[in-house]
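Notes for the one structure printed next.
The values are calculated or read from the model by the stated rules, or taken from the named source; none is laboratory data. Source: prediction; values computed, not measured. For neighbour counting, all protein chains shown are included, and Cβ atoms are generated from backbone atoms with ideal geometry for every residue, glycine included.
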Amino acid sequence: MKYLVMVQGTQLDYEAMRGKASPHSPAWSEQDVQAMYAHMEAINNDLSETGELVDAQGLAEPAKIRTVTLGDDGKAVITDGPYSETKELMAGYWVLECESLERVTEIADRVTRCPQPEGAPNHPVAIRPIQDGAGDLC
């Protein structure tokens, strides 16, 4: 079965990783950022070796989001940045092909153990099965 494993984050998290502290998170050092990248790379390498990795990507910061909605007049309404009420968004993801929910949960647990500076927020890692076809909707 295929699963989407999603890591969440906020704009303030991205800014902290660039060295800008806030009440939300301390500033990350270059060593903190490199430790995070090394952790994620090790996960990706291990998943590639087991054949479970389908795709994995980190996403650009929320400030770079473009949102397209349908206006009352039937025309597209385009805004830059996330909805103002949005706090956490997907920061990165893996598409995995795993034999069980238990296995993908083990992987998500490993993701949650990513090194970060003391005081940085912990965000959940969400797991969603990917539907194989219309039959999964029922």
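Residue by residue through region 15-28, note down the ones that are surrounded by fewer than 19 Cβ atoms within 10 Å (Cβ to Cβ) and out of contact with any Gly (no Cβ under 8 Å at 6 or more places or on another chain).
E15, R18, G19, K20, A21, S22, P23, H24
Could you grab me the full set of residues in region 1-60 that are out of contact with any His (no Cβ under 9 Å at 6 or more places or on another chain), assigned to a helix (DSSP H, G or I) and small (G, A, S)?
If the condition is that a residue be out of contact with any His (no Cβ under 9 Å at 6 or more places or on another chain), assigned to a helix (DSSP H, G or I) and small (G, A, S), then A35, A38, A42, S48 are the ones that fit.
For region 1-32, give me each residue that is of a type in the set (V, I, T) and closer than 22 Å to I107 by Cβ. Walk me through it before giving the result.
Here is the first cut: in region 1-32, the residues of a type in the set (V, I, T) are 5, 7, 10.
Residues satisfying the conditions are V5, V7.
Can you name the residue in region 29-45 that is in contact (Cβ under 8 Å) with a residue 60 or more places away in the chain and among the hydrophobic types (A, V, I, L, M, F, W, C) and is also surrounded by the most Cβ atoms within 10 Å (Cβ to Cβ) among such residues?
Here is the first cut: in region 29-45, the ones in contact (Cβ under 8 Å) with a residue 60 or more places away in the chain are 29, 32, 35-36, 39-40, 43.
Then drop every residue that is not among the hydrophobic types (A, V, I, L, M, F, W, C), which leaves 35-36, 40, 43.
Details: A35: 16, M36: 17, M40: 17, I43: 19.
Restricting to residues being in contact (Cβ under 8 Å) with a residue 60 or more places away in the chain and among the hydrophobic types (A, V, I, L, M, F, W, C), the top hit is I43.
Kindly establish whether S48 is touching a Pro at 6+ places or on another chain (Cβ under 8 Å), of a type in the set (G, A, S) and either under 17 Å from R110 (Cβ atoms) or exposed (fewer than 13 other Cβ atoms within 10 Å of the Cβ) (or both).
Working: touching a Pro at 6+ places or on another chain (Cβ under 8 Å): no; of a type in the set (G, A, S): yes; either under 17 Å from R110 (Cβ atoms) or exposed (fewer than 13 other Cβ atoms within 10 Å of the Cβ) (or both): yes.
It is false that S48 is touching a Pro at 6+ places or on another chain (Cβ under 8 Å), of a type in the set (G, A, S) and either under 17 Å from R110 (Cβ atoms) or exposed (fewer than 13 other Cβ atoms within 10 Å of the Cβ) (or both).
Report, by residue number, each residue of region 104-119 that is touching an Asp or Glu at 6+ places or on another chain (Cβ under 8 Å) and either closer than 16 Å to N44 by Cβ or of a type outside the set (S, T, N, Q) (or both).
Listed by number, the residues that qualify are I107, P115, P117.
N122 is checked against (1) at pLDDT 95 or above; (2) within 19 Å of the chain's Cα centre (by Cα) and fails just one. What number does that condition carry?
Among (1) at pLDDT 95 or above; (2) within 19 Å of the chain's Cα centre (by Cα), the lone unmet condition for N122 is (1).
For L4, indicate whether it is in contact with a Leu (Cβ under 7 Å, 6 or more places away or on another chain) and over 22 Å from A120 (Cβ atoms).
no
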